[in-house]
Amino acid sequence: MQFNKQFIVKTCKYLLVITAIIAMLFPIYWIISSSFKSEVDMFVTPPIWIPLKPTLENYQPISEFVFGVWTVSIESFVPGMINSLIVSSVATPIIAVTGALAGYSFSRYRFRGGKLTYIWFVLMRMFPPITCVLPIYLLYSQVQLVNTLTGLILVYVAFNIPFATWFMKSFFDGIPKEIDESAKVDGCTDFGALFRIIIPLGAPGFIVVTIFCFLACWNEFMFAAIFISNPGTMTLPLKLAGAVSSWQTSWPFITAGSTIAMIPPFLFVMLAQRYIVQGLTFGAVKG
Amino acid sequence: MRRHPTPYFFLLPALIVTTVLIVLPMIYTFWLSLNVNNPLTSSYGFVGLDNFVEVFQDPYFYITLGNTLYYTAINIPIELIIGVGLALAINNLKGERFYRTVLILPVLLSPIIVGLIWKWMFNANYGVFNEILKLVGVQGPNWLTNPSVVRIGIITASIWYTLPFTVLVTLASLKTISKTLYEAAKLDGANTVRRFFHITLPSLKNITFIVILFRSMDLIKIFDLVWVMTKGGPGYASESLGTLTYRTAFQYWQLGRAASISYIIFFLSLIISLILIRHILKSGAD
């Protein structure tokens, strides 16, 4: 009897978990597999569950003839991909360094207004970005930053700094103060202690911040949609969202582009699963 | 207290950037909400609270507010039940690490990709979602074009998107429950069911509130998913406060009015977060 009950509970657990995994993975499988179907196969009913005749035609960048050479058209997702890469890889190190410096000063120094400023940084994470966006748009129109990647990078830096600062502060708090204090006694400067002791010890926190900020920039849509209207500076999410319209939605383009947009998150999950779990749960469990 | 220029120096870059691009804009938006600012008609000027009065007299605003609260109120309980259930099932099950790895994926994707995936699955003519329903003999509605189910369609995508977060956080907090509690209860003769209701569930109370806090902050300002899946349509059936702000600002160019709607979003999330934080602090105290 006891054995039976345990067996039933175990079976239910496995059934639940397997159902959940199928439900979580199927949508991802479906968009990836659709991207390898020809345009005809994509729209048949009943659907083709497994593409047995995979094709790369949806990945073919639209090319155009400019100044005597065939080049990748601005309409295809390649320029969007490049723009997204530029924005994310420029913004991420700036966020990580700025956040680490601020986090370090909150964690290691007691100074006038320090506590209050820290609370302010935590609060800033709760501001809905949409409440800040209109003045930034007006400012950008004044200083010619609309439609530029620089403008986008600046906004991404600003809106990710509160997370980076808070995370790094909590992370540094976990490193015993005695370590850097003894380094200072031994003649290290403040900067020396930061770069020689704290940053190497804080590397795991740094990795978490880097991954999350990179993905935040890579995935961001709202700011891009507001500041960028020129096809040449559009990021990948913007390009893909732009392919949806009420009269015609280009699914071959969207499925292929979405698959490409999923590469960085997939890579991070495979290479740094531990850090991702830490980044996702840290805030909630620490409170 | 040490008097030292160093901490200020370290803080300076972060402080400057966030002040210029977050704090000052936040303040300026409030000023904007008290003004008419329409570049299309070139009308500018101070109008006091007129924008707010107009917004509160607009019947569409109430539809939008209703939708936003609907998203929040329907999404969170379902996500919590599935998420906590799943976390309890996964906890200490063989292959836990593997399940966790697989389950993380959706939450790291762009909301735009998530929206597009589900728009593709929900497609009226060749969407795979209804094909799957057909396999079990159910004729599904047109999820994104039928005004009575469109919000459910969006909530489905939203739950799929953030469920990994809820599961991971719940799992992490399950790991913090001390084993001695269970052993003590076992010695006292409490069976599995009683141990579950008297130890496991109460220990999850705090984390539940934190999940509710995080998720309601997200859902009150929901924009990307709605925008990419339906653009707020059909009609106003799925419009959220977020998409209404965007539309008012960048389609009608009524910047003053958009500012006032965005401040309503801010106040809503402020009120909800204050209530929840009070709860969390209280339950943390006992």
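The values are calculated or read from the model by the stated rules, or taken from the named source; none is laboratory data. Computed from a predicted model, the values in this text were never measured in an experiment. All Cβ positions, glycine included, derive from the backbone under ideal geometry; neighbour counts span all protein chains shown.
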### Query
Which condition number in (1) more than 10 Å from chain A (Cβ to nearest Cβ); (2) not in a loop (DSSP other than H, G, I, E, B) is the one that B:VAL167 fails?
(1)
### Query
Residue check: is A:GLY151 out of contact with any helix residue (DSSP H, G or I) (no Cβ under 7 Å at 6 or more places or on another chain), surrounded by 14 or more Cβ atoms within 10 Å (Cβ to Cβ), farther than 19 Å from A:ALA96 by Cβ and not charged (D, E, K, R)?
no
### Query
From the list B:VAL53, B:VAL36, which one is closer than 23 Å to B:GLY242 by Cα, of a type outside the set (Asp, Glu) and not in a helix (DSSP H, G or I)?
B:VAL36
### Message
Looking at B:SER148, B:SER158 in this structure, which one is surrounded by fewer than 16 Cβ atoms within 10 Å (Cβ to Cβ), more than 23 Å from A:MET270 (Cβ to Cβ) and among the hydroxyl-bearing types (Ser, Thr, Tyr)?
### Response
B:SER148
### Message
Every residue in segment B:207-233 that is within 8 Å of chain A (Cβ to nearest Cβ) and farther than 30 Å from B:GLN251 by Cβ, please.
### Response
B:ILE207, B:ILE210, B:VAL211, B:PHE214
### Task
Within segment B:261-276, identify whether any single residue is more than 26 Å from B:THR166 (Cβ to Cβ), surrounded by 16 or more Cβ atoms within 10 Å (Cβ to Cβ) and within 8 Å of chain A (Cβ to nearest Cβ), and answer yes or no.
yes
### Query
What helices (runs of 4 or more DSSP H), lying completely within segment A:171-287, carry at least 3 residues that are more than 11 Å from chain B (Cβ to nearest Cβ)?
A:177-185, A:203-219
### Query
Which members of segment B:93-144 meet the condition of being assigned to a loop (DSSP other than H, G, I, E, B) and facing chain A (nearest Cβ under 7 Å)?
B:LEU93, B:LEU109, B:SER110, B:TYR126
### Query
Hey, does segment A:207-227 have a residue that's surrounded by fewer than 17 Cβ atoms within 10 Å (Cβ to Cβ) and in the same structural domain as A:ASN83 (by TED's automatic domain parsing)?
no
### Task
Output the residues belonging to segment A:102-123 that are hydrophobic (A, V, I, L, M, F, W, C), within 10 Å of chain B (Cβ to nearest Cβ), surrounded by fewer than 20 Cβ atoms within 10 Å (Cβ to Cβ) and in a helix (DSSP H, G or I).
A:TRP120, A:LEU123
### Query
Got a number for residues in segment A:124-138 being more than 7 Å from chain B (Cβ to nearest Cβ) and in a helix (DSSP H, G or I)?
4
### Message
Just checking, does segment B:202-213 include any residue being surrounded by fewer than 19 Cβ atoms within 10 Å (Cβ to Cβ) and over 28 Å from the mean Cα position of the chain (by Cα)?
### Response
no
### Query
Considering only residues of segment B:244-260 that are out of contact with any Lys or Arg (no Cβ under 7 Å at 6 or more places or on another chain), of a type in the set (S, T, N, Q) and more than 7 Å from every other protein chain (Cβ to nearest Cβ), which is surrounded by the most Cβ atoms within 10 Å (Cβ to Cβ)?
B:SER260
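Working only within segment B:64-90, note down all residues that are of a type outside the set (A, V, I, L, M) and either modelled with pLDDT under 90 or closer than 25 Å to A:TRP30 by Cβ (or both).
Of everything in segment B:64-90, those that are of a type outside the set (A, V, I, L, M) and either modelled with pLDDT under 90 or closer than 25 Å to A:TRP30 by Cβ (or both) turn out to be B:TYR71, B:ASN75, B:GLU79, B:GLY83, B:GLY85.
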### Message
What's the number of the only condition in (1) among the aliphatic types (A, V, I, L, M); (2) more than 8 Å from every other protein chain (Cβ to nearest Cβ); (3) closer than 24 Å to A:VAL155 by Cβ that B:VAL36 fails to meet?
### Response
(3)
